[in-house]
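Encoded as C-alpha coordinates, the structure appears first; notes follow it.
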Amino acid sequence: MSRETALDDSADATDAALRQILQDVLGISAERAASVGADTGLFGHLPELDSMAVAGLLTEIEDRLAIVIEDDEVDGEMLETYGGLLEFVRAKCDAG
Amino acid sequence: MIAGWTSPSGEEFALTFDRDRTKRVLVLPAWFDESNKVRRLTVEVMRRLDGAGVDTILPDLPGCNESEIPLETQTIASWRAAAQAAADEFSATHVLAIRAGAILAPDLPGWRYATVNGSQVLRAMLRARTIAAREAGREETRDGLLETGRREGLELAGYRLGAEMIGELETAEPTDLPQQRKIAHADIGGAALWLRAEPDHDAAQADALAAILSMELLA
(Lines give C-alpha, C1' and ligand atoms only; values in the text may rest on other atoms or scores of the structure.)
Protein backbone atom coordinates (compact mmCIF):
# COMPACT_ATOMS: atom_id res chain seq x y z
CA MET A 1 0.00 0.00 0.00
CA SER A 2 2.88 2.33 0.73
CA ARG A 3 3.70 2.72 -2.94
CA GLU A 4 0.17 3.91 -3.74
CA THR A 5 0.48 6.60 -1.12
CA ALA A 6 3.92 7.54 -2.46
CA LEU A 7 2.39 8.14 -5.89
CA ASP A 8 -0.67 9.87 -4.57
CA ASP A 9 -2.43 10.40 -7.88
CA SER A 10 -1.05 7.33 -9.56
CA ALA A 11 -4.12 6.84 -11.71
CA ASP A 12 -3.46 9.90 -13.87
CA ALA A 13 -2.83 9.80 -17.60
CA THR A 14 0.89 10.60 -17.46
CA ASP A 15 1.47 7.76 -15.04
CA ALA A 16 -0.53 5.38 -17.21
CA ALA A 17 1.36 6.42 -20.35
CA LEU A 18 4.71 6.08 -18.63
CA ARG A 19 3.87 2.62 -17.32
CA GLN A 20 2.80 1.57 -20.81
CA ILE A 21 6.12 2.79 -22.27
CA LEU A 22 8.04 0.94 -19.56
CA GLN A 23 6.02 -2.17 -20.30
CA ASP A 24 6.86 -1.90 -24.02
CA VAL A 25 10.56 -1.21 -23.45
CA LEU A 26 11.11 -3.89 -20.83
CA GLY A 27 8.76 -6.42 -22.39
CA ILE A 28 7.01 -7.01 -19.07
CA SER A 29 3.39 -7.89 -18.39
CA ALA A 30 0.74 -5.28 -17.58
CA GLU A 31 0.58 -6.72 -14.06
CA ARG A 32 4.31 -6.25 -13.53
CA ALA A 33 4.16 -2.73 -14.98
CA ALA A 34 1.30 -1.93 -12.60
CA SER A 35 3.36 -3.15 -9.65
CA VAL A 36 6.18 -0.66 -10.36
CA GLY A 37 6.34 1.81 -7.49
CA ALA A 38 7.86 5.27 -7.01
CA ASP A 39 11.04 3.78 -5.58
CA THR A 40 11.41 0.96 -8.12
CA GLY A 41 14.94 1.26 -9.51
CA LEU A 42 15.41 1.86 -13.26
CA PHE A 43 18.73 2.90 -14.87
CA GLY A 44 21.57 1.25 -12.96
CA HIS A 45 19.18 -1.23 -11.32
CA LEU A 46 17.83 -3.19 -14.28
CA PRO A 47 20.68 -4.75 -16.29
CA GLU A 48 18.65 -4.81 -19.50
CA LEU A 49 18.02 -1.07 -19.29
CA ASP A 50 21.31 0.04 -20.85
CA SER A 51 22.06 3.44 -22.33
CA MET A 52 20.60 2.53 -25.73
CA ALA A 53 17.39 1.28 -24.12
CA VAL A 54 17.16 4.45 -22.03
CA ALA A 55 17.67 6.54 -25.17
CA GLY A 56 14.79 4.64 -26.79
CA LEU A 57 12.68 5.09 -23.67
CA LEU A 58 13.21 8.87 -23.63
CA THR A 59 12.48 9.19 -27.35
CA GLU A 60 9.28 7.21 -26.90
CA ILE A 61 8.25 9.43 -23.98
CA GLU A 62 8.81 12.48 -26.20
CA ASP A 63 6.73 11.02 -29.01
CA ARG A 64 3.82 9.75 -26.94
CA LEU A 65 3.57 12.67 -24.52
CA ALA A 66 4.50 15.39 -27.03
CA ILE A 67 7.34 16.85 -24.96
CA VAL A 68 11.00 17.55 -25.77
CA ILE A 69 13.65 16.34 -23.35
CA GLU A 70 16.96 18.21 -23.63
CA ASP A 71 20.17 16.26 -23.12
CA ASP A 72 21.25 18.39 -20.16
CA GLU A 73 17.98 17.54 -18.37
CA VAL A 74 18.83 13.85 -18.42
CA ASP A 75 20.63 12.97 -15.22
CA GLY A 76 21.07 10.04 -12.89
CA GLU A 77 18.41 11.25 -10.51
CA MET A 78 15.55 11.41 -13.00
CA LEU A 79 16.46 8.00 -14.40
CA GLU A 80 17.22 6.20 -11.19
CA THR A 81 13.70 5.43 -10.03
CA TYR A 82 10.25 5.29 -11.52
CA GLY A 83 9.13 8.07 -9.17
CA GLY A 84 11.98 10.31 -10.32
CA LEU A 85 11.14 9.78 -13.97
CA LEU A 86 7.43 10.32 -13.41
CA GLU A 87 8.06 13.53 -11.51
CA PHE A 88 10.30 14.81 -14.30
CA VAL A 89 7.81 13.91 -17.04
CA ARG A 90 4.90 15.47 -15.11
CA ALA A 91 6.81 18.72 -14.68
CA LYS A 92 7.60 18.70 -18.42
CA CYS A 93 3.96 18.07 -19.36
CA ASP A 94 2.79 20.85 -17.03
CA ALA A 95 5.37 23.28 -18.46
CA GLY A 96 4.29 22.43 -22.00
CA MET B 1 20.20 -20.46 -46.83
CA ILE B 2 23.21 -18.17 -47.05
CA ALA B 3 24.04 -16.84 -50.52
CA GLY B 4 26.87 -14.63 -51.75
CA TRP B 5 26.41 -11.44 -53.71
CA THR B 6 28.58 -8.57 -54.90
CA SER B 7 28.12 -5.02 -53.69
CA PRO B 8 30.13 -2.16 -55.24
CA SER B 9 32.45 -2.35 -52.20
CA GLY B 10 33.01 -6.12 -52.20
CA GLU B 11 31.63 -9.59 -51.58
CA GLU B 12 28.76 -9.88 -49.11
CA PHE B 13 26.37 -12.48 -47.79
CA ALA B 14 22.59 -12.61 -47.75
CA LEU B 15 20.11 -14.80 -45.91
CA THR B 16 17.71 -16.14 -48.51
CA PHE B 17 14.63 -18.28 -48.98
CA ASP B 18 15.22 -18.70 -52.69
CA ARG B 19 13.43 -21.33 -54.76
CA ASP B 20 13.36 -19.42 -58.06
CA ARG B 21 9.76 -18.39 -57.62
CA THR B 22 8.21 -15.48 -59.48
CA LYS B 23 7.68 -13.16 -56.48
CA ARG B 24 11.03 -12.21 -54.99
CA VAL B 25 11.18 -9.70 -52.13
CA LEU B 26 14.39 -7.87 -51.25
CA VAL B 27 14.29 -7.25 -47.48
CA LEU B 28 16.20 -4.18 -46.28
CA PRO B 29 16.84 -4.50 -42.55
CA ALA B 30 16.65 -2.00 -39.71
CA TRP B 31 19.97 -0.34 -38.88
CA PHE B 32 22.56 -0.59 -36.14
CA ASP B 33 21.22 -1.34 -32.66
CA GLU B 34 17.70 -1.78 -34.04
CA SER B 35 18.87 -4.41 -36.51
CA ASN B 36 19.53 -6.85 -33.66
CA LYS B 37 16.21 -6.21 -32.03
CA VAL B 38 14.19 -6.61 -35.21
CA ARG B 39 16.27 -9.37 -36.82
CA ARG B 40 14.19 -12.28 -35.57
CA LEU B 41 10.93 -10.61 -36.60
CA THR B 42 12.48 -9.95 -40.01
CA VAL B 43 13.53 -13.57 -40.50
CA GLU B 44 10.22 -14.91 -39.17
CA VAL B 45 8.37 -12.79 -41.74
CA MET B 46 10.64 -14.26 -44.42
CA ARG B 47 9.93 -17.78 -43.18
CA ARG B 48 6.19 -17.16 -43.42
CA LEU B 49 6.50 -15.69 -46.91
CA ASP B 50 8.48 -18.79 -47.92
CA GLY B 51 5.55 -20.88 -46.76
CA ALA B 52 3.24 -18.71 -48.82
CA GLY B 53 5.33 -19.29 -51.96
CA VAL B 54 7.34 -16.05 -52.00
CA ASP B 55 11.15 -15.83 -52.22
CA THR B 56 12.94 -13.39 -49.90
CA ILE B 57 16.50 -12.07 -49.77
CA LEU B 58 17.96 -10.31 -46.72
CA PRO B 59 21.38 -8.89 -47.68
CA ASP B 60 23.99 -7.83 -45.13
CA LEU B 61 24.58 -4.12 -45.52
CA PRO B 62 28.31 -3.60 -46.21
CA GLY B 63 30.06 -3.19 -42.86
CA CYS B 64 27.30 -5.02 -40.92
CA ASN B 65 26.70 -8.63 -39.83
CA GLU B 66 29.10 -10.97 -41.67
CA SER B 67 30.49 -8.24 -43.91
CA GLU B 68 34.27 -7.91 -43.90
CA ILE B 69 34.15 -4.30 -45.12
CA PRO B 70 34.88 -1.73 -42.37
CA LEU B 71 31.60 0.04 -41.55
CA GLU B 72 33.54 3.29 -41.26
CA THR B 73 34.12 3.30 -45.03
CA GLN B 74 30.41 3.13 -45.78
CA THR B 75 28.06 6.00 -46.59
CA ILE B 76 24.35 6.19 -47.23
CA ALA B 77 25.21 6.59 -50.90
CA SER B 78 27.30 3.38 -50.84
CA TRP B 79 24.52 1.53 -48.99
CA ARG B 80 21.98 2.70 -51.58
CA ALA B 81 24.24 1.42 -54.32
CA ALA B 82 24.59 -1.87 -52.41
CA ALA B 83 20.81 -2.23 -52.02
CA GLN B 84 20.40 -1.63 -55.75
CA ALA B 85 23.15 -4.16 -56.54
CA ALA B 86 21.44 -6.78 -54.34
CA ALA B 87 18.09 -6.08 -56.01
CA ASP B 88 19.69 -6.54 -59.43
CA GLU B 89 21.75 -9.62 -58.58
CA PHE B 90 18.85 -11.48 -56.97
CA SER B 91 16.32 -10.20 -59.57
CA ALA B 92 14.07 -8.83 -56.83
CA THR B 93 10.53 -8.05 -57.94
CA HIS B 94 9.54 -6.27 -54.69
CA VAL B 95 11.10 -4.66 -51.65
CA LEU B 96 10.24 -4.74 -47.95
CA ALA B 97 12.12 -1.94 -46.18
CA ILE B 98 12.15 -2.01 -42.39
CA ARG B 99 12.64 1.14 -40.27
CA ALA B 100 15.61 3.14 -41.62
CA GLY B 101 15.98 0.53 -44.37
CA ALA B 102 13.44 2.67 -46.27
CA ILE B 103 16.19 5.26 -46.83
CA LEU B 104 17.93 2.73 -49.10
CA ALA B 105 14.96 1.28 -50.96
CA PRO B 106 15.46 0.83 -54.70
CA ASP B 107 12.60 1.81 -56.98
CA LEU B 108 10.61 -1.45 -56.85
CA PRO B 109 7.03 -2.04 -55.77
CA GLY B 110 6.68 -2.98 -52.13
CA TRP B 111 6.30 -1.84 -48.55
CA ARG B 112 7.96 0.28 -45.90
CA TYR B 113 7.36 -0.83 -42.36
CA ALA B 114 7.55 1.69 -39.49
CA THR B 115 9.84 4.09 -41.33
CA VAL B 116 12.31 6.36 -39.53
CA ASN B 117 14.57 8.99 -41.04
CA GLY B 118 18.30 9.44 -40.55
CA SER B 119 18.06 12.20 -37.98
CA GLN B 120 15.87 10.02 -35.72
CA VAL B 121 18.40 7.19 -35.92
CA LEU B 122 21.25 9.57 -35.17
CA ARG B 123 19.41 11.26 -32.32
CA ALA B 124 18.77 7.98 -30.49
CA MET B 125 22.39 6.87 -30.83
CA LEU B 126 23.80 10.25 -29.75
CA ARG B 127 21.49 10.24 -26.77
CA ALA B 128 22.62 6.75 -25.77
CA ARG B 129 26.22 7.90 -25.98
CA THR B 130 25.70 11.03 -23.85
CA ILE B 131 23.84 8.98 -21.22
CA ALA B 132 26.61 6.35 -21.13
CA ALA B 133 29.26 9.08 -20.91
CA ARG B 134 27.51 10.77 -18.02
CA GLU B 135 27.24 7.43 -16.23
CA ALA B 136 31.00 7.00 -16.69
CA GLY B 137 31.63 10.50 -15.31
CA ARG B 138 32.44 12.13 -18.66
CA GLU B 139 30.54 15.08 -19.97
CA GLU B 140 29.64 14.86 -23.68
CA THR B 141 27.03 16.90 -25.49
CA ARG B 142 25.10 16.09 -28.60
CA ASP B 143 26.37 19.20 -30.38
CA GLY B 144 29.97 18.50 -29.39
CA LEU B 145 29.74 14.89 -30.54
CA LEU B 146 28.12 15.90 -33.81
CA GLU B 147 30.85 18.41 -34.52
CA THR B 148 33.54 15.76 -33.91
CA GLY B 149 31.53 13.22 -35.88
CA ARG B 150 31.19 15.43 -38.95
CA ARG B 151 34.96 15.95 -38.90
CA GLU B 152 36.40 12.56 -38.02
CA GLY B 153 33.56 10.07 -37.63
CA LEU B 154 32.17 8.72 -34.37
CA GLU B 155 31.55 5.49 -32.51
CA LEU B 156 27.87 5.29 -31.60
CA ALA B 157 26.22 2.34 -29.84
CA GLY B 158 29.28 0.26 -30.74
CA TYR B 159 29.17 1.18 -34.43
CA ARG B 160 32.09 3.11 -35.90
CA LEU B 161 30.54 5.52 -38.39
CA GLY B 162 32.57 7.59 -40.83
CA ALA B 163 32.35 11.39 -41.03
CA GLU B 164 30.40 11.28 -44.29
CA MET B 165 27.83 8.85 -42.87
CA ILE B 166 27.29 11.10 -39.83
CA GLY B 167 26.72 14.11 -42.09
CA GLU B 168 24.35 12.16 -44.34
CA LEU B 169 22.36 10.79 -41.40
CA GLU B 170 21.48 14.30 -40.30
CA THR B 171 19.32 14.81 -43.39
CA ALA B 172 18.67 11.34 -44.85
CA GLU B 173 15.01 10.70 -45.64
CA PRO B 174 13.33 7.74 -47.29
CA THR B 175 12.94 8.58 -50.99
CA ASP B 176 9.35 9.15 -51.91
CA LEU B 177 8.47 6.15 -54.06
CA PRO B 178 4.71 5.96 -54.72
CA GLN B 179 4.81 2.26 -55.52
CA GLN B 180 5.92 1.49 -51.96
CA ARG B 181 3.10 1.39 -49.46
CA LYS B 182 3.68 2.50 -45.90
CA ILE B 183 2.80 0.07 -43.13
CA ALA B 184 2.57 1.81 -39.75
CA HIS B 185 3.43 -0.20 -36.68
CA ALA B 186 -0.14 0.38 -35.47
CA ASP B 187 -1.32 -1.75 -38.42
CA ILE B 188 0.71 -4.65 -37.00
CA GLY B 189 -0.15 -4.21 -33.32
CA GLY B 190 1.73 -5.17 -30.17
CA ALA B 191 4.69 -3.40 -28.59
CA ALA B 192 7.32 -2.30 -31.11
CA LEU B 193 10.24 -4.72 -30.94
CA TRP B 194 12.93 -2.11 -31.69
CA LEU B 195 12.01 -0.38 -28.45
CA ARG B 196 12.65 -3.47 -26.40
CA ALA B 197 15.71 -3.30 -24.12
CA GLU B 198 16.62 -6.88 -25.10
CA PRO B 199 16.00 -8.49 -28.49
CA ASP B 200 12.67 -10.32 -28.35
CA HIS B 201 10.11 -11.85 -30.66
CA ASP B 202 6.37 -11.69 -31.15
CA ALA B 203 4.92 -14.33 -33.47
CA ALA B 204 1.66 -12.37 -33.84
CA GLN B 205 3.56 -9.40 -35.30
CA ALA B 206 5.38 -11.62 -37.80
CA ASP B 207 2.02 -13.19 -38.75
CA ALA B 208 0.43 -9.78 -39.28
CA LEU B 209 3.25 -8.35 -41.39
CA ALA B 210 3.59 -11.52 -43.49
CA ALA B 211 -0.20 -11.61 -43.99
CA ILE B 212 -0.25 -8.05 -45.37
CA LEU B 213 2.56 -8.83 -47.81
CA SER B 214 1.28 -12.21 -48.97
CA MET B 215 -2.27 -10.98 -49.49
CA GLU B 216 -1.04 -8.17 -51.71
CA LEU B 217 1.60 -10.27 -53.47
CA LEU B 218 -0.65 -13.19 -54.24
CA ALA B 219 -3.84 -11.26 -55.00
Using a 1.4 Å probe on heavy atoms of the protein chains only, the accessible area for residue B:216 in Å², nearest 10, reads 90 Å²
As straight-line cross-link partners of residue B:37, the qualifying aspartates and glutamates (C-alpha separation under 18 Å, not fewer than 8 residues apart within one chain) are A:24, A:48, A:50, A:60, B:60, B:66, B:198, B:200, B:202, B:207
If each DSSP helix of 4+ residues adds -39,500 (n - 2.57) and the sum is divided by the residues in chain B, what number results at 222 nm, nearest 500 deg cm²/dmol? -13000 deg cm²/dmol
At a 1.4 Å probe radius, carbon and sulfur cover how many percent of the accessible area of the range B:70-115? 53 percent
Here the relative contact order (percent) of the range A:2-95, from C-alpha pairs under 8 Å and at least 6 apart, is 33 percent
Tell me, in nm to one decimal, what length is gained between residue B:1 and residue B:68 on full extension, where the rule is 0.36 nm per residue of separation less the Cα-Cα distance? 22.2 nm
Calculate what fraction, in whole %, of the accessible area of chain A sits on carbon and sulfur atoms when a 1.4 Å probe is rolled over the protein chains. 49 percent
Once A and B are treated as a pair rather than alone, how much accessible area drops out, both sides summed, in Å² to 100, probe 1.4 Å? 1800 Å²
What Kirkwood radius, in Å to one decimal, follows from the Cα pairs of chain A? 13.4 Å
Return the Rg/Rh value of the range B:1-114, two decimal places, where both radii are evaluated on C-alpha atoms and Rh is the Kirkwood radius. 0.92
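Where the accessible area of the range B:118-172 is counted over protein heavy atoms with a 1.4 Å probe, how much of it, in %, is carbon and sulfur?
On the way: 1200 of 2610 Å².
Carbon and sulfur together cover 46 percent of it.
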Given a 1.4 Å probe and the protein chains all in place, what does the accessible area of residue B:185 round to, in Å² to the nearest 10? 30 Å²
Provide B:129, B:19, B:196 ordered by accessible surface of protein heavy atoms (probe 1.4 Å), highest first. B:19, B:129, B:196
Distance between Cα centroids, the range B:1-21 to the range B:112-156: provide it in whole Å. 31 Å
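Where only protein heavy atoms count, and the probe is 1.4 Å, what is the accessible area per residue for the range A:2-95 in Å²?
Spelled out: the 1.4 Å probe surface of the range A:2-95, per residue, equals 48 Å².
Order the following by accessible area, largest value first: B:22, A:14. Probe radius 1.4 Å; ligands, DNA and RNA are ignored.
Largest to smallest exposure gives the sequence B:22, A:14.
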Helix-only mean residue ellipticity at 222 nm for chain A, each DSSP H run of n ≥ 4 adding -39500 (n - 2.57), per residue, nearest 500: -17500 deg cm²/dmol
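Sorting B:91, B:67 by accessible area (1.4 Å probe), largest first, what list results?
Most to least solvent-accessible, the answer reads B:91, B:67.
The values are calculated or read from the model by the stated rules, or taken from the named source; none is laboratory data. Computed from a predicted structure; not experimentally measured. The accessibility values were calculated without ligands, DNA or RNA, using every heavy atom of the protein model including side chains. Shrake-Rupley method; radii C 1.70, N 1.55, O 1.52, S 1.80 Å.
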